[in-house]
Structure formats: C-alpha cells, structure tokens
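Structure record follows, encoded as structure tokens.
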Amino acid sequence: MGYATLHSAFHWEDTEHFLPPRGKNFLITDTLGANGDFLLYHFLTTFLKPTSVNTRVVLVGFSQIFNHYNLVARKLGVNLTAAKTSGRFKFVDGLTGLSSGKIPAPPTTVLPTTPELVLGPLSPENTLESLLGQLEGLVSSEEAGQTCLIYDDVSVLLNLGVSVRELQRFMQASRLLMEKNGGTLVSLVHSDQALLEDPEQESLVKLLMYQTAYILQVKALGSGYSKEVNGQVALIRGPSCRDSRFIPQVLQYKTLDNNVQFFARGFSEGVL
C-alpha cells in the first residue's frame, strides 16, 4: 500500500493522478525522531509526474540547495532539471537569499544540474515582502493550470530572526495567493517537544495550524524503534477545512528507497 492509502483518506476526486483539490493548503509537522521530508517529496513528485496534466511546482528551499532536492527526486522517478527546462518547475534558493540578504552572482560555469536562481536580491528591511512579490509573479504568470507552492521549511525563517508576527502575515498572504490562483500550498515546520519549549516556536506552530486546512503530523512510534514501521502520520482537520467527507485518522508508515508504504496501525506486513 503506497500513497493511494494516504490519498483515499482525503477523498480526493482526482484518483488517477492523486492531485489535491485546488486552493487547499497543507501543513507538515515533524520531529527529530520522525522526519516529514517524505511527505514534502510526495507533493513535489505528484505534481511533476508525466501523467499529471498541466501542473507545476514552485519550491522555496530554506533548508537545502537545489542539488539535494534533485538527487532525492531522481530516486522517486522525477528529473527536476528536465522539469525546470520544460517550465514545470521553479526553484527559489531561499537558503542563500535569506541568510545573506542577497543572491550571489552565478558562477561562470553552470553545471547541468544547477538551475538559474530565480530569487532576486533581498533587502534586509523587506525580505519576506520581496520574496512574496517574486513568488506572486511566478505563480500568477503561469498559464492556466494547478501550481503547488512548497516551503521547506518555515522553521528556518524563525532561526534567521524573522519574527512570529512577520511569519504569520507572510504565511497568510501565501495562503491567500494560492487560493486566488487555484493552487496548493504545502509547508513544513518542526514541532519537536524540545523546540516547543521555545515560546516563539510554539507560537509559530500553533499559528500555522490555525491557518491550515489539512495537517499531516509526523511522529515517531510511542513504543520506540521498529524495523518494520518508521513512524506514524496523524491526518488532522485544520480550522479552515470545510471538507465534510474528511475523517481524521492515524496511519503508520515505512519508507523505502523509492516509495512509502502506509497502513492502519498494527497492520504492517512485517507485523502481520
């Protein structure tokens, strides 16, 4: 059982391509004991599969450079370099841009796997405003179709000194932007218990949850390490969710080299 199990829990109508409904937003929360990157890559590769018609992805990498995403996506059967060339993929180097306040000049020799940096110079005074303005251009300028905007990950912004209030406004504006353009917003944030002892981190996680329609909460097993089960994902209805068919539930998962298996608690093949 792969991602189809996860999609059936949401009752998504696009059963052929497993695309979420337009205008929806998703928040992935994870911990050190259970990394949520596999869900982020699921959205990335789902929108870029050859069978997905007229779909695009704008990935803002606050925690990794392009080559990292490209290597992982290749294992999952998606070539981000080719997707960029075709216009279906845009990468924003937020890691470099937000930490330095500007984008360095491109190297003289550009490797085939390195995309052009689409994020322009950012001023310290209006970093997030500049970023949002450029994202609006990327999302709004696309031809008719469904775009997925991915933030990986929002926690980095807090560590860089962006205030919770600024982040709240930025994320709310991002959500409204994608709703207006019929797109999908996917954000990742860390919610370790140790981190939540920090008042700002706790406030950030709560605020993001409050603004979100669907929450995918990735946690380690309460029983400890298991060779057959890596952890569990709680599918939670956010305050802005209006889908009466969605039923909150908990699925366990096991990550493989190029896929993820989902199953009801206690129904892993290894356990059975």
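Every number in this text was worked out from the coordinates using simple rules, so none of it is lab data. For clarity, every value in this text was computed on a predicted model and none was experimentally measured. For neighbour counting, all protein chains shown are included, and Cβ atoms are generated from backbone atoms with ideal geometry for every residue, glycine included.
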- Note on the structure: Zone reached by a paramagnetic label modelled 7 Å from Arg242 Cα along Cα→Cβ, restricted to region 19-60 with backbone N below 19 Å, covers 20-27
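Could you list, in their original order, any pairs among Lys49/Lys206; Lys49/Lys180; Lys24/Lys90 whose Cα atoms are separated by more than 22 Å? The partial results should precede the final answer.
On the way: Lys49/Lys206 33 Å; Lys49/Lys180 24 Å; Lys24/Lys90 20 Å.
Table pairs above 22 Å Cα-Cα are Lys49/Lys206; Lys49/Lys180.
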- Item | Under 24 Å from Lys227, Cα to Cα: lysines that are on another chain or at least 8 residues apart | Lys75, Lys219, Lys254
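Percent of Cα-Cα pairs more than 17 Å apart in region 145-192, please.
Summing the P(r) tail past 17 Å for region 145-192 gives 36 percent.
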- Amide H to amide H, which residues 5 or more places from Cys148 or on other chains are under 5 Å from it, using H placed in the peptide plane? Arg56, Val57, Val58, Thr184
